[in-house]
Amino acid sequence: MASALPIDLAGTACLLDGRRALHWHAAQTLVLADVHLGKGEAFRRQGVAIPSGHTQADCDAIAALLDDYRPQRLVVCGDLFHDRIQGDEGWLAALQALCHRHRQLAFDVVLGNHDRKSAALPDLGMHWHAELVLPPFVFHHEPQSDPRGYVLAGHLHPVVRLRGMGDALRLPVFWQRAEQAVLPAFGSFTGGMAVEAAAGERLYALSESSITPLAAGTGAALSKGASRCVF
């Protein structure tokens with residue numbers, strides 16, 4: 001198994017996985033955000049030469065997490081898909097195989113801004129929600145306060161950009177805040193928005209080999225347009 005770190009969210013024990021996932025052990029629930037399946041195909045439809053294989057790789061990564069944790073529920077905090085789905089696109093076969101293999105899994109998806117581009121979403125046994133309440137958590141796509149519980153969200157694709165010795169490195173981060181936490185984008189073909197933790201907040205830089213709590217002030221300030229991020 002990849003790197004993992006126990007963390008407390010709203011008094012609840014969770015496990016932060018370096019593969020950009022969160023496991024809520026007591027509820028046997030795995031949480032992801034911003035997978036953006038089919039993004040490469042959407043680019044190729046517009047004439048942009050993008051290599052294929054991202055969706056298959058991301059479905060394989062989800063399958064590996066499911067095999068490791070064996071959860072009863074998978075929650076995606078929005079943007080499972082990147083663009084409208086046109087007919088029987090080839091990349092859907094990878095998702096269909098994943099859903100068939102784990103057909104006993106409760107598969108819950110919070111609608112993201114990209115998911116809403118599809119007038120008809122594929123019927124693969126998923127349950128779609130505007131938001132999802134599983135106390136003590138409330139699952140949204142966009143980070144926001146919610147009186148019903150501690151919010152787990154995505155949408156911003158948080159990263160930090162570290163510079164030193166004439167070089168730079170961009171790392172996905174899990175952003176833990178007082179009333180909400182923002183998961184990094186799970187998809188392998190996604191952008192990122194540089195963020196900085198304010199007082200009382202924490203950033204965890206993620207990779208398969210390590211999870212690193214970052215010192216306060218690391219990274220770049222969050223822009224005013226962050227809530228409208230559309231990567």
remark   = Rounded to 0.05, the calculated FRET efficiency for the beta carbons of His25 and Ala63 at R₀ = 25 Å is 0.80
ask   = With each label point set 7 Å from Cα along the Cα-Cβ vector, what nm distance links His129 and His100?
value = 2.8 nm
remark   = Rounded to one decimal in nm, the spacing of the 7 Å Cα→Cβ label points at Ser145 and Arg116 is 2.3 nm
note = Descending packing, highest mean Cβ count within 10 Å first, for 96-105, 24-33, 193-202 is 24-33, 193-202, 96-105
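For the peptides 153-161, 57-65, 136-144, what is the packing order when you average, over each peptide's residues, the other Cβ atoms within 10 Å and list the highest mean first? Before the final figure, lay out the partial values.
Numbers: 153-161: 24.4, 57-65: 18.1, 136-144: 21.2.
Result, highest mean Cβ count within 10 Å first: 153-161, 136-144, 57-65.
Computed from the coordinates by the stated procedures, all read-outs in this text should not be read as laboratory data. Predicted model, so just to flag it, every value in this text is computed and none were measured. Here Cβ is always computed from backbone atoms with ideal geometry, including for glycine, and neighbour counts include all displayed protein chains.
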